[in-house]
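Structure first, commentary second.
The values are calculated or read from the model by the stated rules, or taken from the named source; none is laboratory data. Quantities reported herein were computed from a predicted structural model and do not represent experimental measurements. Glycine also receives a Cβ, built like all others from the backbone with ideal geometry; neighbour counts cover every protein chain displayed.
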Amino acid sequence: MILGVQFRGQVPANTSRRWFTHSWPEAWRVDWTVVPTWPLVDGNAQVEWKVQVDRQASSLVKYFIEIRNLTGGPVDIEARYAVLNS
C-alpha cells in the first residue's frame, strides 16, 4: 500500500472548493480521504467530500475532489490518498 498527502488547502466558511489531480495509472485502486487540520474541533463534522474521475488517456485517470465546508469558519484540509493495489 502507498500512502500520501496529495495537496493541502483551505475551504472558506459554508462553501465548496474543487481540486483535481492527474496522471494516475488507471490500474491503481486509489482511495481518497479528506482530513481537517485546522481549527482543532472535537464536535460535529467539519467537511464532506466527493470524488469524481475522468479518463485522461488510455492508461491514465484524473480525479476531481470537491470538498464542502460544513462550518461557519474557514477550514484547512489535507487530501490524502491510499493506493490499495500498486
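Out of the residues in the range 31-48 that are in contact with a strand residue (DSSP E or B) (Cβ under 6 Å, 6 or more places away or on another chain) and not aliphatic (A, V, I, L, M), which is surrounded by the most Cβ atoms within 10 Å (Cβ to Cβ)? Only one residue fits best here, namely Gln46.
Does Leu3 fit the bill of being exposed (fewer than 11 other Cβ atoms within 10 Å of the Cβ), among the aliphatic types (A, V, I, L, M) and not in a loop (DSSP other than H, G, I, E, B)?
Numbers: exposed (fewer than 11 other Cβ atoms within 10 Å of the Cβ): yes; among the aliphatic types (A, V, I, L, M): yes; not in a loop (DSSP other than H, G, I, E, B): yes.
Yes, satisfied.
Close Cβ contacts (under 9 Å, 6 or more residues apart or on different chains) running from residues in the range 32-57 that are basic (Lys, Arg) to residues that are at pLDDT 95 or above comprise Lys50/Phe64; Lys50/Ile65; Lys50/Glu66; Lys50/Ile67; Lys50/Arg68; Arg55/Glu26; Arg55/Val61; Arg55/Lys62.
Screening Gln56 on (1) among the polar types (S, T, N, Q); (2) over 21 Å from Leu3 (Cβ atoms); (3) exposed (fewer than 12 other Cβ atoms within 10 Å of the Cβ) shows it passes everything except condition (3). Of all residues in the range 31-55, which are part of a strand (DSSP E or B), among the aliphatic types (A, V, I, L, M) and within 14 Å of Glu78 (Cα to Cα)? Result: Val34, Val35, Val47. On the basis of being surrounded by 13 or more Cβ atoms within 10 Å (Cβ to Cβ), at negative phi and not in a strand (DSSP E or B), does Trp28 make the cut? Yes; evaluated as a whole, the condition is true for this residue.
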